[in-house]
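The values are calculated or read from the model by the stated rules, or taken from the named source; none is laboratory data. Bear in mind that the values here come from a model prediction, so they are computed numbers and not experimental data. Heads up, the Cβs are rebuilt from the backbone with ideal geometry, glycines too, and the neighbour counts pull from every protein chain shown. Areas reflect the complete protein model, heavy atoms only, side chains present, ligands, DNA and RNA absent. Shrake-Rupley method; radii C 1.70, N 1.55, O 1.52, S 1.80 Å.
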Amino acid sequence: MRRLESQGYSNLVARSRSELDLTDMARVRAFFESVRPEYVFLAAAKVGGILANSTYPADFIRDNLLIQQSVVDAAYATNVRKLLFLGSSCIYPRMATQPITEAALLTGPLEPTNEPYAVAKIAGITLCRSYNRQYGTRYVSVMPTNLYGEGDSFDPAGSHVLPALLRRFHEAKRDGARQVAVWGTGAPRREFLHVDDAADACIHLMRIWAEPGPDGQLTGGADAANEIVNIGYGGDVSIRDLAELIREIVGYSGELLFDASKPDGTPRKLLDSSRLRSTGWQPRVSLREGIERTYRWYVAHEKTARRAWTADPVARAAGGNVGASSGS
Ligand code: GDP
């Protein structure tokens, strides 16, 4: 929303999870009929880190299937011009060749710790492609790498590694702790993209996708309807190096303790984003700058930072538990 506003878009419509339960098909349809959006960014999803995904697999597949089903159905029924669906890099096979190209989709077994989430997202991609094929719609699916930034969830049990470590190092420094635990062996490698860059890439793709480019050809090629597009930073780091960088930015001087009883997850997840780069887009926020910005935000919002993840069934019945960022 920030990025759209800064680019001069003013007629923006959003609903919080308490205002509109996206898992409720009838309500979502009624909302689309009354608001009649022209362009839809489907970023809402139930998301969480490695622990949340392996602890609540049923919630992760159920909620995500329902959200995307409701929104894509309503978008088609109300003639939305274009829809951009956010998937995730975890849809690719666990042992995909790195960097991972879009062609790796459905070529091998998935990482077990987040398979239910990944299967839901793969269904979402196939849903968009199938509507394109059958109805001639222009829905594009994008696969962001691990995202981070201001406004993220810093919940210790549910969050992803980057906010989890920022918080843990911050608290260790504050409390004078001698050691900080880092889950797993520290060996896995991940690619991180600042959320502002991801938003920028999504708006860029929404504008150019399936439109005639400067050469008169349809962006995305003749087969634009079937395409998915990776959104990555272009480089990865080991969890150990990430932890060292966060330690330095937070200014903590104690030791790192790797807790191998926690899962490592997939060994490496680096996207090949050349399809996106070929449309003239590139990221602007370096990992160091992005972490510094995120840390400043966290310190300013420590008391109020959102808890994106809770297994509270009451919250879900009320339409809760639906985050708005990329997942695993
Ligand atoms: P993933 O990309 O789906 O595996 O999601 P995560 O961001 O949750 O985890 C990435 C990697 O960071 C995994 O190897 C985790 O074991 C590791 N990691 C290290 N410390 C933490 C932590 O405190 N929280 C989380 N979520 N992951 C951690």
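General observations
- Between Gly48, Gly280, Gly265, the GNM of the chain built on Cα springs shorter than 10 angstrom shows Gly280 fluctuating the most.
- In this structure, Asp24 and Arg2 have a Cβ-Cβ separation that, at R0 = 30 Å, corresponds to a calculated FRET efficiency of about 0.65.
- Rg/Rh for the range 159-295, where both radii come from Cα atoms and Rh is the Kirkwood radius: 1.10
- The chain, accessible surface, carbon-and-sulfur percent (1.4 angstrom probe): 51
- Surface per residue (accessible, 1.4 Å probe) for the chain, Å²: 45
- Separation in nanometres of the label points that stand 7 Å from Cα toward Cβ, at Ser278 and Ala177: 4.6
- Close amide H partners of Ala181, meaning residues 5 or more places away or on another chain with modelled amide H under 5 Å apart, are Leu257.
- Taking GluC sites (Glu not before Pro) as exposed when DSSP calls them loop and at most 16 other C-beta atoms lie within 10 angstrom, the chain has its longest site-free stretch at 39-301.
- Value in Å of the Kirkwood radius, where the chain supplies the Cα pairs that are averaged: 20.3
- Cut-off under 5 Å, modelled amide H: who pairs with Ile231 long-range: Met143, Thr145
- For the range 176-206, trypsin sites (Lys or Arg not before Pro) meeting the loop criterion (DSSP other than H, G, I, E, B) and having at most 15 other Cβ atoms within 10 Å: Arg178.
- In the range 209-283, Cα pairs under 8 Å separated by at least six residues give a relative contact order of 37 percent.
- Nearest-20 debye value, the chain charge dipole, Cβ charges on Lys, Arg, Asp, Glu: 240
- Highest-MSF residue in the chain out of Leu205, Leu256, Leu242 [GNM, Cα springs under 10 Å]: Leu256
- Residue with peak Gaussian network fluctuation, the chain [Cα springs, cutoff 10 Å], from Ala201, Ala120, Ala26: Ala26
- Normalised by the number of residues in the chain, the average gap of Cα pairs under 8 Å and 6 or more apart makes the relative contact order 26 percent.
- Residue-span extension gain [Leu12 to Thr97] - 0.36 nm each, minus C-alpha spacing: 26.7 nm
- Model label points for Lys303 and Val35, set 7 angstrom from Cα along the Cα-to-Cβ axis, are 3.2 nm apart.
- Members of Lys46/Lys262; Lys82/Lys303; Lys121/Lys269; Lys121/Lys262; Lys46/Lys269 lying beyond 28 Å, as alpha-carbon distances in this model show: Lys82/Lys303
- Dipole of the chain, positive end: most advanced residue of Phe258, Leu51, Gly151 [Cβ charges, Cα centre]: Gly151
- Positive dipole terminus of the chain, leading residue within Ala75, Ile291, Trp209 (C-beta point charges): Ala75
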